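A.B. asks: Okay, handing you the structure first.
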Amino acid sequence: MKAQQTNMDVVAHNLANVNTFGNKKVRAEFQDLVYQTLRDAGGTSGNGTQYPQGLQVGLGVRVSATHRIFTQGPLQTTDNPNDVGIQGEGFFQIQLPDGTTAYTRDGSFKLDSQRRLVTSDGFLLTPGITLDDNATMDSVVISYDGRVSDTPAGGQQTEIGQITLARFINPEGLYSYGKNLFLETAASGAPIVSNPGTDGAGVLTQGTVEMSGVQVVEEMVNMIVAQRAYESNSKAVTTSDSMLEIANQLKR
């Protein structure tokens with residue numbers, strides 16, 4: 001029942017983030033617990049024969065992992081020049097206030113007071129992109145390979161920076177930091193940084209954002225399954241209690 005409660009919590013988390021930019025579905029995974037062995041397979045049954053099968057009683061289930069599935073989410077057109085979607089593998093690199101580098105698939109960037117591209121929480125995109133004086137965000141052009149250009153008022157279009165993407169050997173091993181961000185771990189491996197469209201990295205699409213990879217219908221089905229499994233396990237506890245009650249009432 002505790003394992004199914006955790007499963008329900010995971011499903012609820014997925015549904016809560018169905019509109020979160022760049023969100024990836026989380027799947028609860030389970031393992032059976034140790035077994036009570038009453039008879040070993042291959043044991044001697046007498047007269048030179050042996051048991052072809054063992055006799056074991058399982059002791060339940062536990063949650064073994066929560067697996068984040070990094071499949072490509074749908075790109076939604078916003079026509080907002082601040083928004084940048086990734087088609088393929090890779091993460092934007094974000095600098096946290098303590099200097100740590102975080103990673104995200106959320107490309108809904110904003111412009112701060114110093115004309116720099118930042119996240120919704122004000123964390124800097126790295127490598128940093130700073131607009132020229134008198135250039136508006138509407139004049140910014142981000143190419144599929146990450147080159148960023150703008151056009152100052154009365155001037156010509158100039159290149160102001162390069163967006164790079166980070167890939168990981170095992171992205172499922174990243175640590176979920178919150179705020180749509182992930183952190184590197186020993187399990188994820190070191191980031192492999194390259195320009196979009198090279199060395200296996202995806203390409204960029206300006207004016208789009210990657211939506212959540214959660215499928216509402218699928219999660220609703222998972223919710224029903226978790227609820228019924230929880231209900232069935234509670235029924236097993238009730239039935240076991242009734243059987244023990246009957247055994248306690250036996251008279252010679």
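The values are calculated or read from the model by the stated rules, or taken from the named source; none is laboratory data. All values derive from a computational prediction rather than experimental measurement. Virtual Cβ from ideal backbone geometry, glycine too; neighbours counted across all protein chains shown. Each accessible area value is taken on the protein alone, full model and side chains, heavy atoms only, with ligands, DNA and RNA left out. Shrake-Rupley method; radii C 1.70, N 1.55, O 1.52, S 1.80 Å.
A.B. asks: Where is the GNM fluctuation largest for the chain (alpha-carbon springs, 10 angstrom cutoff): Q162, Q50, Q215?
C.D. replies: Q50
A.B. asks: Kindly express, to the nearest 10 degrees and within the range 0 to 90, the angle between helix 2-16's C-alpha long axis and the longest C-alpha principal axis of the chain.
C.D. replies: Roughly 20 degrees, rounded to the nearest 10.
A.B. asks: Compute a Gaussian network model of the chain, connecting alpha carbons closer than 10 Å, and tell me which residue from V148, V216, V18 fluctuates the most.
C.D. replies: Fluctuation is largest for V216.
A.B. asks: In whole angstrom, note down how far apart the Cα centers of segment 120-178 and segment 48-93 are.
C.D. replies: Between the Cα centre of segment 120-178 and that of segment 48-93, the gap is 30 Å.
A.B. asks: Another question, if that's okay. Ignoring everything except DSSP H segments at least 4 long, calculate the 222 nm mean residue ellipticity for the chain; use -39,500 (n - 2.57) per segment, divide by total residues, nearest 500.
C.D. replies: -6500 deg cm²/dmol
A.B. asks: Got a number for the accessible area of E89? Probe 1.4 Å, square angstrom, nearest 10.
C.D. replies: 100
A.B. asks: For helix 216-248, what angle does its Cα long axis make with the longest principal axis of the chain, in degrees from 0 to 90 and rounded to 10?
C.D. replies: Between the helix axis and the principal axis of the chain, the angle is about 20 degrees.
A.B. asks: At a 1.4 Å probe radius, carbon and sulfur cover how many percent of the accessible area of the chain?
C.D. replies: 50
A.B. asks: Placing unit charges on C-beta atoms (Lys and Arg positive, Asp and Glu negative, everything else neutral), compute the dipole magnitude of the chain about its Cα centre in debye, rounded to 20.
C.D. replies: 1260
A.B. asks: On to the next question. Taking the Cα centre as origin and putting +1 on Lys and Arg beta-carbons and -1 on Asp and Glu beta-carbons, what dipole magnitude results for segment 40-107, to the nearest 20 debye?
C.D. replies: Value, rounded to 20: 340 debye.
A.B. asks: Starting from the amide H of G161, placed 1.01 Å from N in the peptide plane, find each other amide H under 5 Å away whose residue is 5 or more places distant or on another chain.
C.D. replies: HN-HN under 5 Å from G161: V148.
A.B. asks: Using a 1.4 angstrom probe, figure out how much accessible area the chain has per residue, in square angstrom, rounded to the nearest whole.
C.D. replies: I get 58 Å² per residue for the chain.
A.B. asks: To make sure I understand the rule: partners must be aspartates and glutamates, Cα under 17 Å from the Cα of K110, and not fewer than 8 residues away in the same chain. Which ones qualify?
C.D. replies: Within reach: D79, D83, D121, D132, D133, D138, D150, E210.
A.B. asks: Using square roots of five times the C-alpha gyration tensor eigenvalues, list the equivalent-ellipsoid semi-axes of segment 67-106 in whole Å, biggest first.
C.D. replies: One finds semi-axes of 21, 17, 7 Å for segment 67-106.
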